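What follows is one structure encoded as structure tokens, with my remarks underneath.
The values are calculated or read from the model by the stated rules, or taken from the named source; none is laboratory data. Just so it is clear, the model here is predicted, and its values are computed rather than measured. Neighbour counts are summed over all protein chains in view; Cβ atoms, including those assigned to glycine, are modelled from backbone coordinates with ideal geometry. Just the protein is used for accessible areas: all its heavy atoms, side chains included, with ligands, DNA and RNA removed. Shrake-Rupley method; radii C 1.70, N 1.55, O 1.52, S 1.80 Å.
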Amino acid sequence: MGGTTNTGLLTYALARAGHAVTCYDADESLQLLAWSREAGDFPCTVHEADTPAFADTVYPEMDHTRINVVDAGHAENHPDIVDSVLEVADLVILTLSPTNPDYERLTKPERGTALAKVIKRSAALRETGEPPTTYVLLNRCQAGAASPAKYADLLRNGGKDGTLPKWNVLSTQIPRREAIASAVGFPCDKRERRAPYDALVTELTQRGHLPTVR
Ligand SMILES: Nc1ncnc2c1ncn2[C@@H]1O[C@H](COP(=O)(O)OP(=O)(O)O)[C@@H](O)[C@H]1O
Ligand SMILES: [Mg+2]
């Protein structure tokens, strides 16, 4: 949850940090594409890419010297598209609110396949034979609340009894803010839309997932 918001604001932050970046909207709602048209200051091109043939038709055409950011949409609605993106992604960022409904959607979804399995099985189609490196980004985090740390622990440790899949959780957390809630479709003209995502770029760089900018 919060996928498009975080994809867009991360893209602005990557561009601010000096990265050459291009976006691909692989969600049928095409909200990221609309954002890039409406905002006026969107920092890069957004390509329409909501196809289950993503790996076969979109990926080969990418400029692989750039950071190519994909908004993959919700796996339970478009599992075929998400599968195809996972086939070629170098890094997966899963956005999640520190709430029980979001946690349950990840760990025991009412419908569809649990995301941990979707990611794991993508290994079979990947060149490396390994699943992509995956992080959970906690978003809509209430300042001072106990829930972000609680859910970060549950995710890292595989649930209360350690039997669920274990996730890498980014230490950067995106706060719950009105300026972020209303970001999709609008300019990145507020500090609250920038600071958490600059921190995210710093963390991803420190973890070795982004090239150094020359
Ligand atoms: N950091 C945040 N603080 C408050 N509301 C947020 C935040 N991030 C997202 N939202 C809200 O969550 C909802 C879902 O966001 P969206 O980016 O459209 O998610 P998705 O693309 O996964 O459907 C929207 O109503 C948005 O305003
Ligand atoms: Mg979306």
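Using the Karplus curve 6.51 cos²θ - 1.76 cosθ + 1.60 with θ = phi - 60°, what ³J(HN,Hα) values do you get for each residue of segment 186-193, in whole Hz, with x for Gly and Pro?
For segment 186-193, the Karplus-derived couplings read 10, x, 8, 9, 10, 4, 5, 7 Hz, x marking Gly and Pro.
Rank LYS120, LYS160 by accessible area, highest first, at a 1.4 Å probe radius?
On the way: LYS120 150, LYS160 200 Å².
The residues order as LYS160, LYS120, largest area first.
Based on the mean of other Cβ atoms within 10 Å per residue, sort peptides 141-151, 95-105 so the most packed one is first. Mind showing how you got there, number by number?
On the way: 141-151: 13.8, 95-105: 17.2.
Descending mean neighbour count gives 95-105, 141-151.
For Cα pairs less than 8 Å apart in space and 6+ apart in sequence, what is the mean separation divided by the residue count of the chain, i.e. the relative contact order in percent?
Numbers: 345 pairs, mean separation 50.9, N = 214.
Relative CO of the chain lands at 24 percent.
Show me, bin by bin at 10 Å from 0, the whole-percent P(r) of segment 49-108 based on Cα pairs.
20, 48, 24, 8
For segment 3-206, what log10 I(q)/I(0) values come out of the Debye formula at q = 0.09, 0.16 1/Å, with one point per alpha carbon and no solvent?
-0.33, -1.13
Given LYS160/LYS190; LYS120/LYS150; LYS117/LYS150, which pairs have Cα atoms separated by over 31 Å? Numbers along the way, then the final one.
Values: LYS160/LYS190 38 Å; LYS120/LYS150 25 Å; LYS117/LYS150 23 Å.
Among LYS160/LYS190; LYS120/LYS150; LYS117/LYS150, the Cα-Cα distance tops 31 Å for LYS160/LYS190.
How many nm separate the modelled label positions at ASP41 and ALA195, each set 7 Å beyond the Cα in the direction of the Cβ?
Result for the modelled spin labels: 1.7 nm.
Could you state how much accessible area LEU30 has, in square angstrom rounded to the nearest 10, with a 1.4 Å probe and all protein chains kept in place?
Approximately 40 Å² for this residue.
So how much accessible area does ASP189 have, in Å² to the nearest 10, using a 1.4 Å probe?
Solvent-accessible area, nearest 10 Å²: 90 Å².
Explain nothing, just the number: dipole magnitude of the chain about its Cα centre with +1 on each Lys and Arg Cβ and -1 on each Asp and Glu Cβ, in debye rounded to the nearest 20. Spell out each step's value before the answer.
On the way: 23 positive and 28 negative charges, 206 e Å.
Roughly 980 debye, rounded to the nearest 20.
Under 8 Å for C-alpha pairs, at least 6 residues apart: give me the relative contact order for segment 92-170, rounded to a whole percent. Could you put the intermediate results ahead of the total?
Details: 100 pairs, mean separation 25.8, N = 79.
Once divided by the residue count of segment 92-170, the mean separation gives 33 percent.
Under a Cβ-only charge scheme (Lys and Arg +1, Asp and Glu -1), can you give me the dipole magnitude of segment 129-187 about the Cα centre, in debye to the nearest 20? Before the final figure, lay out each step's value.
Working: 7 positive and 4 negative charges, 33 e Å.
Here segment 129-187 has a charge dipole of around 160 debye.
Estimate the FRET efficiency between ARG156 and GLU127 by the formula 1/(1 + (r/R0)^6), using the beta-carbon distance for r and 30 Å for R0, to the nearest 0.05.
Working: r = 28 Å, r/R0 = 0.94.
My answer for the efficiency is 0.60.
Among GLY158, LEU210, THR133, whose Cα sits farthest toward the positive end of the charge dipole of segment 108-214 (+1 at Cβ of Lys/Arg, -1 at Cβ of Asp/Glu, about the Cα centre)?
The one lying farthest along the dipole's positive direction is GLY158.
Using the alpha carbons of segment 84-156, what is the convex hull volume per residue in cubic angstrom, as a whole number?
Details: hull volume 6.6 nm³, N = 73.
Here the figure is 90 Å³ per residue.
How much length is gained if the chain between ASP80 and THR57 is pulled fully straight, taking 0.36 nm per residue apart and subtracting their Cα-Cα distance, in nm to one decimal?
Values: separation 23, 0.36 × 23 = 8.28 nm, distance 1.41 nm.
Stretched fully, the ASP80-THR57 segment lengthens by 6.9 nm.
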